[in-house]
Amino acid sequence: MTGSEDLIRQARSATVGTLPKSPRKNTAVIACIDARVEPNRILGGDQGDFHVIRNAGGLVTGDALRSLMVSQFHGTSRVIVMMHTDCAAMAYPTATERDRLEAETGRRIDFDLYPFDDLETELRRGVQRLRETPFLPNRDNIKGVIYEVDSGRVRTVVE
């Protein structure tokens, strides 16, 4: 049995119970895909407490905004944008890596990779984008935080 098959078998045998579509804490979290970043654990929640939207870097991209819109249709009224220290998505890929990948595949990357080099600046930019978009009915309770992976601390950057 492959590793993936084993994970699927384990998931089928788990008993989850009935959880509502709307998160119990009425909060959506945009976070990075980094395995060290577990929003439920970091924020003191449990399964079903938050809608968690993840992408490389925890960035406010068009797709994150789309997911957040759906989340708000299901009752969330608060948003936490959570970025973290030691993020591999920062300034990735470099021009050299992008050129190498394009040479290897023979195809140009036709989507934005959203490189950034400063956590706080990018976090502020993302929160501002959410506060300014006309597509979210709930824009008054958006917070930006940085999770420090070495200490486990969460530092508020944007109130």
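The values are calculated or read from the model by the stated rules, or taken from the named source; none is laboratory data. Quick caveat, the model's predicted, so the values are computed rather than measured. As a convention, Cβ positions derive from the backbone with ideal geometry for all residues, glycine included, and neighbour counts pool all protein chains shown.
Quick notes on this structure:
- Within the range 61-87, residues that are on the phi > 0 side of the Ramachandran plot and in contact (Cβ under 8 Å) with a residue 24 or more places away in the chain have Cβ atoms under 9 Å from residues that are surrounded by fewer than 17 Cβ atoms within 10 Å (Cβ to Cβ) and among the acidic types (D, E) in these pairs: D86/E148; D86/D150, counting only partners at least 6 apart in sequence or on another chain.
- Matching residues in the range 133-159 - criterion: being under 22 Å from G44 (Cα atoms), in a loop (DSSP other than H, G, I, E, B) and either basic (K, R) or within 16 Å of the chain's Cα centre (by Cα) (or both): E148, V149, R153
- Scanning the range 110-123 for residues that are modelled with pLDDT under 95 and surrounded by 12 or more Cβ atoms within 10 Å (Cβ to Cβ) gives L113, Y114, P115, F116.
- Across the range 48-60, the number of residues qualifying as crowded, with 18+ Cβ neighbours inside 10 Å and at negative phi comes to 7.
- Selection from the range 48-96 of residues that are more than 11 Å from V29 (Cα to Cα), in a helix (DSSP H, G or I), among the small types (G, A, S) and at pLDDT 95 or above: G62
- So L130, is it assigned to a helix (DSSP H, G or I) and either under 15 Å from the mean Cα position of the chain (by Cα) or of a type in the set (A, V, I, L, M) (or both): yes
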